[in-house]
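Note sheet for the following structure.
The values are calculated or read from the model by the stated rules, or taken from the named source; none is laboratory data. As the structure is a computational prediction, the values presented were derived from the model and not from experiment. Glycine gets a Cβ as well: all are built from the backbone with ideal geometry, and neighbour counts include every protein chain shown. Heads up: the accessible areas ignore ligands, DNA and RNA and are worked out on the full protein's heavy atoms, side chains in. Shrake-Rupley method; radii C 1.70, N 1.55, O 1.52, S 1.80 Å.
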Amino acid sequence: SQREEWCACFVSWCADQCGLIERGAVPKFASCPAGVEWFRSNGKWKENGCSPAAGAIIFFDWNGDGVSDHVGIVEKCENGKVYTVEGNSNDRVQKSIYIVGTDLILGYGLFN
């Protein structure tokens with residue numbers, strides 16, 4: 001059976017539950033690069049290095065090639081750390097913590 005990388009599906013599902021997709025504030029996307037492209041082309045993209053607000057969509061670049069390969073939701077940002085909720089993290093929904101500005105983060109999609 002084929003395995004589906006479902007991190008973007010999880011983010012889209014959460015956004016849909018909040019009415020953000022219906023409002024056009026967040027796209028429905030299953031591919032991380034497609035999500036990044038939507039936020040960039042709609043002027044809702046912030047490069048890595050900023051301190052994101054809660055609810056921002058965080059895009060990761062695990063292998064440093066400039067293409068996003070994972071996505072999650074920012075729970076909060078404090079004391080130089082970004083706290084996230086991610087789908088398909090070790091094949092489950094999981095919370096994680098990253099240092100603001102780490103090379104693992106590509107950037108953020110904003111909806112407010």
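Overview of results
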{"quantity": "Pair list, Cβ under 6 Å, 6 or more apart: region 68-87 residue over 18 Å from Phe111 (Cβ atoms), other residue assigned to a loop (DSSP other than H, G, I, E, B) and open to solvent by less than 40 Å² (accessible area, probe 1.4 Å)", "calculated": "Gly80/Val100"}
{"quantity": "Hits in region 41-88 - residues which are out of contact with any Leu (no Cβ under 7 Å at 6 or more places or on another chain), more than 20 Å from Cys18 (Cβ to Cβ) and among the hydroxyl-bearing types (Ser, Thr, Tyr)", "calculated": "Ser41, Ser51"}
{"quantity": "Residues of region 1-12 classified as surrounded by 14 or more Cβ atoms within 10 Å (Cβ to Cβ) and farther than 16 Å from Asp69 by Cβ, total", "calculated": "1"}
{"quantity": "Output for region 37-48, where each listed residue is part of a loop (DSSP other than H, G, I, E, B) and free of Cβ contacts under 8 Å to residues at least 12 places away in the same chain", "calculated": "Asn42, Gly43"}
{"quantity": "Residue within region 20-36 that is crowded, with 16+ Cβ neighbours inside 10 Å, in contact (Cβ under 8 Å) with a residue 40 or more places away in the chain and of a type outside the set (A, V, I, L, M, F, W, C) present", "calculated": "yes"}
{"quantity": "So Ala30, is it closer than 18 Å to Ser89 by Cβ and at pLDDT 95 or above", "calculated": "no"}
{"quantity": "Extreme residue, farthest from the chain's Cα centre (by Cα), among residues of region 11-34 that are part of a helix (DSSP H, G or I) and more than 14 Å from Ala56 (Cα to Cα)", "calculated": "Gln17"}
{"quantity": "So Asp61, is it at pLDDT 95 or above, buried (at least 18 other Cβ atoms within 10 Å of the Cβ) and closer than 20 Å to Ile105 by Cβ", "calculated": "yes"}
{"quantity": "Among the candidates Gly87, Gly72, Gly80, Gly101, residue that is surrounded by 13 or more Cβ atoms within 10 Å (Cβ to Cβ), more than 16 Å from Cys7 (Cβ to Cβ) and of a type in the set (Gly, Ala, Ser)", "calculated": "Gly101"}
